[in-house]
Amino acid sequence: MSDMAAKPNLSPGVQAQGGIGTAAVPATEHGDHLHHDDHEHHDQHWLWKYVFSQDHKQIAKQFLITGMLWAVLGGTLSSLFRLQLGWPEGSMEWLTPVLGKWIQAGKLNPEFYLALVTMHGTIMVFFVLTAGLSGTFSNFLIPLQVGARDMASGFMNMLSYWFFFLSSVIMFASLFIETGPAAAGWTIYPPLSALPQAIPGSGAGMTLWLVSMVFFIVSQLLGGVNYVTTVINLRTRGMSMSKLPLTIWAFFLTAILGILAFPVLFSAALLLVFDRSFGTSFFLSDIYIAGQALSNQGGSPVLFQHLFWFLGHPEVYIVIMPAMGMVSEVLATNARKPIFGYRAMIGSLIGISLLSFVVWAHHMFVTGMNPFLGSVFMFLTLIIAVPSGVKVFNWLATLWRGNIRFTAAMLFAIGFVSLFISGGLTGIILGNATLDIQMHNTYFVVAHFHLVMGAAAFFGLFAGVYHWFPKMFGRMMDEKLGYIHFWLTFVGVYLVFMPMHYVGIAGFPRRYYAWTGFDAFSQFADLNRFISIAAIIAFLGQFIFLFNFFYSIFRGRRATQNPWNSTTLEWTTPINPGHGNWPGEIPAVYRWPYDYSKPGSEADFIPQNVPYSQTQSSNLPYEQDMAE
Amino acid sequence: MTALTILLVLVLLLVVFGLLFRLQILTSIFSGTFTRDIGMSNSVNAILMLVFLIGGGAWFAYSFAENFNKMNPPIASVHGHQMERMFWTTMTIIGIAFVITQTLLFIYSYKYQHKEGRRAFFFAHNNKIEVIWTVIPAIVMAALIFAGWKAWTRITGAAPKSAVVVEVMGKQFNWLVRYPGRDMKLGVINYRMIDAVNEWGFDLSDKSALDDFTSNEIHVPKGVPVLIKIRSRDVLHAVYMPHFRVQMYAVPGMPTRFWFTPTTTTNEMRARLGNPKFNYELACNQVCGGSHFAMKATVIVDEPDEYQNWYAAQQSFSQKNPEVMAAFKQKAKPSVSKTAEPAEAQEAAPAPLAATY
């Protein structure tokens with residue numbers, strides 16, 4: 001102990017907060033840890049340490065940085081098609097050096113326009129908001145917050161990233177092939193996606209899309225099985241399921257959704273591969289195209305939609321639930337208040353998870369599906385508003401009479417709640433089959449889901465990065481730049497997506513290269529230009545974040561051990577935790593993760609690893625029993 | 001102009017941000033509370049929360065009102081008017097929820113900003129409140145579900161027997177339209193018989209196909225139920241007629257349908273809008289390829305007697321295309337002639353996309 005006292009930056013908090021772990025470790029080992037974070041892998045080759053790492057923290061960073069690269073690309077694609085929508089008559093000649101043959105006589109090729117929206121959707125939904133968000137934070141936080149040395153299988157975890165990487169490389173390559181990338185929409189509905197005669201993007205581009213998605217699904221399953229196993233089996237002493245931070249509950253349920261839903265996408269992709277390459281007719285029937293009647297008979301394109309949305313709908317919850325979990329955590333920490341209704345929050349997460357599997361056909365009200373099914377799915381869909389509402393009300397109650405610190409993470413968490421409300425409420429319109437007759441596939445849908453699961457999930461991602469950056473890199477991100485980033489993005493997002501509702505209510509269809517051919521949709525030229533400008537500015541604003549992120553990795557202010565005075569276990573590790581996370585024994589857990597501003601306690605937070613016996617003054621009656 | 005407005009808004013925002021920040025520093029220096037602690041940027045952000053609520057709310061209200069007419073194109077079907085009422089009722093309900101929750105969010109953020117020495121209220125749960133805000137939304141949802149379900153069953157229910165029938169078929173990148181002719185029966189079609197002339201694939205060995213006629217526009221009578229039968233012959237399309245609140249996918253291999261009752265003729269609507277060029281439009285609303293955005297048909301609502309006259313004046317496909325008829329007659333004999341071949345070859349080389357936009 002005396003040795004430790006001489007080294008002040010060695011997790012003093014753990015000691016002060018009554019952590020029992022570090023005391024048991026021989027002092028010599030500690031000395032080593034001071035200078036080398038990963039003492040156990042002292043002589044490890046950099047290739048194994050940074051590239052083929054099995055450390056969940058390193059893998060999380062790999063997911064994050066890959067996700068960020070994809071986000072830049074996905075955002076760039078959206079800027080390109082917003083240019084087209086904002087200035088349909090304008091010349092794009094100046095983009096020829098980049099886009100080459102996709103610009104003809106100053107005009108964007110309409111088929112390439114579809115490729116742009118397709119790839120934007122695919123990249124954002126799968127590569128950024130699934131892999132980049134859930135992949136990063138499930139990996140990073142699960143072992144740290146449940147008190148585990150690493151994932152249940154470090155090797156599988158590493159494979160998970162490298163399958164994602166492989167999938168990324170293939171998808172990226174598809175952008176550069178002769179016939180262009182997939183262009184049938186991110187939902188790749190056949191027959192359009194099955195027939196290269198229908199659109200060039202359904203040639204090699206679609207093949208690469210499918211191959212890439214297969215690897216992506218493998219990556220998701222390897223990751224998901226690992227997350228579930230880790231949460232179930234590797235929780236530290238005392239960490240019962242009812243003491244888990246809401247982040248972990250969210251990641252846990254997200255992983256279960258992924259494990260159950262992604263295999264169905266795999267089956268859909270596989271059947272589509274058969275239809276494309278081996279002459280089967282799962283999704284094809286009675287088709288005459290390019291001067292030829294195809295021999296396929298008896299297939300159903302609607303079957304594909306069922307299979308796709310059986311993944312596709314849980315997928316939007318796979319995207320949003322981790323963000324919900326992190327936002328709950330950030331809100332409680334920075335409002336210095338326990339999250340309101342902890343059990344109701346878990347209950348609503350479970351409710352949303354269950355319901356998410358029985359609402360998929362609300363994407364298909366007008367696809368020719370039996371109208372009776374439409375009634376059933378309308379009923380189930382609108383029920384989701386109830387648990388979602390509970391979450392919003394609980395977040396509001398968490399802020400009520402708090403003592404709010406506006407860190408950059410907190411701002412993004414508040415922004416998340418605002419966007420989730422704005423986008424979620426219009427879901428009540430779209431979930432109503434009757435109203436969906438008019439709204440289906442219009443910009444109203446685009447506005448709805450961009451707010452509720454696009455922008456909101458991004459805000460959750462930003463909240464997470466700003467909040468856990470000190471734990472990831474041992475340094476702080478610049479808060480001022482964070483504020484500017486937040487306000488620019490927040491205002492920008494609303495300027496982009498609120499007007500999109502107006503365009504949608506008028507019936508303007510999505511995935512239209514130009515609206516100029518229709519009298520019914522042509523009254524919004526100004527508004528479309530407005531949206532485009534706002535979108536491009538908001539996108540450029542993200543470079544503030546990128547600069548802040550990479551600058552802070554190397555030059556940021558050094559972090560303290562628990563910069564946000566948070567209660568959860570990850571802040572009991574050293575500032576730069578090595579592989580294994582805790583240098584000594586893993587701390588045990590005694591209490592729930594939200595003892596903020598507890599009456600009777602001097603500090604306004606009591607970490608999870610502080611036993612009740614040390615907090616006599618603040619214990620509630622039943623806790624007092626546990627202390628004795 | 002809009003570019004300037006947005007830029008101005010953003011610049012103003014940054015200026016406000018900067019000014020508030022400076023002001024805060026100056027006052028804190030004067031009052032001697034200048035510390036590099038939570039304090040100053042915290043209250044700046046708290047104030048910005050309030051600014052955002054008021055400024056954002058004002059902008060939203062203004063732009064919503066300004067665009068309200070544009071976002072409400074005229075409606076011309078019986079169920080369309082009912083849907084419209086339901087839409088704006090639902091919008092009002094979610095609007096109320098929107099205003100309450102957003103206001104609380106930003107007011108709380110402002111009001112409960114960090115203050116030195118104050119402590120947050122330890123308030124972990126309250127079952128009563130939880131039950132209230134679970135049950136109230138559930139009741140509202142139940143009402144919306146019930147209303148939606150009733151309308152949905154009515155709209156998607158079987159069309160009245162008196163409905164006039166028109167069939168549309170989507171193909172890359174236009175809509176084909178046919179009517180059942182005098183016998184009021186749509187004849188058999190077969191996608192294997194499609195060629196450049198026989199775009200529908202009429203099987204003229206079927207007697208009821210002989211009087212079917214095709215049209216470039218969709219004519220429907222006012223005040224009479226219209227049943228639209230929908231097909232696709234290549235990829236997915238969707239029949240979308242925003243003025244009638246009609247939408248249904250066109251699925252290859254699976255005929256679909258939608259019925260509605262038009263309430264206003266094209267001429268009446270032109271007079272009402274003061275726009276002699278007005279037309280009801282049918283747009284494709286499921287991505288179907290490069291020229292998806294240009295896949296359009298015109299719908300004309302006639303007075304019933306006008307419609308009758310128009311209908312009676314049409315010449316059937318078989319009459320218009322005697323050579324196709326002849327081919328079918330020949331086909332009835334054992335040796336099958338392949339007259340369709342050259343036509344097919346012609347269509348196999350579709351016009352370059354560039355020509356369509």
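The values are calculated or read from the model by the stated rules, or taken from the named source; none is laboratory data. Since this is a predicted model, take the numbers as computed values, not measurements. Note: ideal-geometry Cβ built from the backbone for every residue, glycine included; neighbour counts use all protein chains shown.
Here are the numbers:
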quantity: Qualifying residue in the stretch A:525-548 (condition: away from chain B (no Cβ under 13 Å), buried (at least 24 other Cβ atoms within 10 Å of the Cβ), farther than 24 Å from B:Ser63 by Cα and at pLDDT 95 or above); calculated: no
quantity: Every residue from the stretch A:170-203 that is part of a helix (DSSP H, G or I) and buried (at least 18 other Cβ atoms within 10 Å of the Cβ); calculated: A:Ile170, A:Met171, A:Phe172, A:Ser174, A:Pro200, A:Gly201, A:Ser202
quantity: Residue within the stretch A:32-50 that is more than 32 Å from the chain's Cα centre (by Cα) and either of a type in the set (Gly, Ala, Ser) or modelled with pLDDT of 95 or more (or both) present; calculated: no
quantity: Counted residues, the stretch A:371-391 - those being over 26 Å from the mean Cα position of the chain (by Cα) and more than 9 Å from every other protein chain (Cβ to nearest Cβ); calculated: 2
quantity: Conditions (1) more than 9 Å from chain A (Cβ to nearest Cβ); (2) touching a residue at least 24 places away in the same chain (Cβ under 8 Å); (3) among the aromatic types (Phe, Trp, Tyr); number of the one not met by B:Phe106; calculated: (1)
quantity: Residue list for the stretch A:204-239, restricted to those being without any contact (Cβ under 8 Å) to a residue 40 or more places away in the chain and surrounded by fewer than 24 Cβ atoms within 10 Å (Cβ to Cβ); calculated: A:Ala204, A:Leu208, A:Val228, A:Ile232
quantity: Residue among A:Pro196, A:Pro190 that is in contact (Cβ under 8 Å) with a residue 40 or more places away in the chain, within 12 Å of another protein chain (Cβ to nearest Cβ) and closer than 25 Å to B:Lys171 by Cα; calculated: A:Pro190
quantity: Residue under evaluation A:Ile421, criteria (1) of a type outside the set (S, T, N, Q); (2) over 21 Å from B:Phe52 (Cβ atoms); (3) without any contact (Cβ under 8 Å) to a residue 40 or more places away in the chain, criterion not met; calculated: (2)
quantity: Residue that is farthest from B:Leu186 (Cα to Cα) [pool: residues in the stretch B:141-173 that are away from every other protein chain (no Cβ under 13 Å) and surrounded by 14 or more Cβ atoms within 10 Å (Cβ to Cβ)]; calculated: B:Ala163
quantity: Residues (surrounded by 19 or more Cβ atoms within 10 Å (Cβ to Cβ) and either without any contact (Cβ under 8 Å) to a residue 12 or more places away in the chain or charged (D, E, K, R) (or both)) located in the stretch B:74-96; calculated: B:Phe87, B:Ile94
quantity: Residue ID - surrounded by the fewest Cβ atoms within 10 Å (Cβ to Cβ), chosen from residues in the stretch A:81-104 that are among the small types (Gly, Ala, Ser) and in contact with a helix residue (DSSP H, G or I) (Cβ under 8 Å, 6 or more places away or on another chain); calculated: A:Gly90
quantity: Filter result (within 19 Å of B:Gln315 (Cβ to Cβ), touching a residue at least 60 places away in the same chain (Cβ under 8 Å) and hydroxyl-bearing (Ser, Thr, Tyr)) within the stretch B:195-239; calculated: B:Thr214, B:Ser215
quantity: Hey, A:Leu382 of a type outside the set (Lys, Arg), buried (at least 23 other Cβ atoms within 10 Å of the Cβ) and either within 30 Å of A:Leu411 (Cα to Cα) or at pLDDT 95 or above (or both) or not; calculated: yes
quantity: Test: residue in the stretch A:424-446 that is within 22 Å of A:Glu315 (Cα to Cα) and more than 12 Å from every other protein chain (Cβ to nearest Cβ); calculated: yes
quantity: Given (1) buried (at least 22 other Cβ atoms within 10 Å of the Cβ); (2) modelled with pLDDT under 95; (3) of a type outside the set (A, V, I, L, M); (4) in a helix (DSSP H, G or I), number of the condition A:Ser53 does not satisfy; calculated: (4)
quantity: Qualifying residue in the stretch A:152-170 (condition: within 14 Å of chain B (Cβ to nearest Cβ) and more than 20 Å from the chain's Cα centre (by Cα)); calculated: no
quantity: Any hit, the stretch B:110-119, residues being touching a residue at least 12 places away in the same chain (Cβ under 8 Å), more than 7 Å from chain A (Cβ to nearest Cβ) and farther than 27 Å from B:Met141 by Cβ; calculated: yes
quantity: Test: residue in the stretch B:28-39 that is farther than 30 Å from B:Val246 by Cβ, modelled with pLDDT of 70 or more and assigned to a helix (DSSP H, G or I); calculated: no
quantity: Residue match in the stretch A:461-468 (condition: more than 7 Å from chain B (Cβ to nearest Cβ), among the aliphatic types (A, V, I, L, M) and part of a loop (DSSP other than H, G, I, E, B)); calculated: no
quantity: Qualifying residues in the stretch A:295-340 (those that are small (Gly, Ala, Ser), buried (at least 24 other Cβ atoms within 10 Å of the Cβ) and in a helix (DSSP H, G or I)) - the one farthest from the other protein chains (Cβ to nearest Cβ); calculated: A:Gly325
quantity: Residue list for the stretch A:249-294, filter: in a loop (DSSP other than H, G, I, E, B) and within 27 Å of A:Ile318 (Cα to Cα); calculated: A:Phe283
quantity: Search result, residues across the stretch A:593-606 that are touching a Phe, Trp or Tyr at 6+ places or on another chain (Cβ under 7 Å) and either buried (at least 19 other Cβ atoms within 10 Å of the Cβ) or without any contact (Cβ under 8 Å) to a residue 24 or more places away in the chain (or both); calculated: A:Tyr594, A:Asp595, A:Tyr596, A:Ser597, A:Lys598, A:Pro599, A:Phe605
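Here's the yes/no breakdown for (1) aliphatic (A, V, I, L, M); (2) crowded, with 24+ Cβ neighbours inside 10 Å; (3) within 8 Å of chain A (Cβ to nearest Cβ); (4) more than 19 Å from the chain's Cα centre (by Cα):
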| site | (1), (2), (3), (4) |
| --- | --- |
| B:Asp234 | no, yes, yes, yes |
| B:Met241 | yes, yes, no, no |
| B:Tyr249 | no, yes, yes, no |
| B:Arg257 | no, no, no, no |
| B:Thr265 | no, no, no, yes |
| B:Met269 | yes, no, no, yes |
| B:Ala283 | yes, yes, yes, no |
| B:Cys288 | no, yes, yes, no |
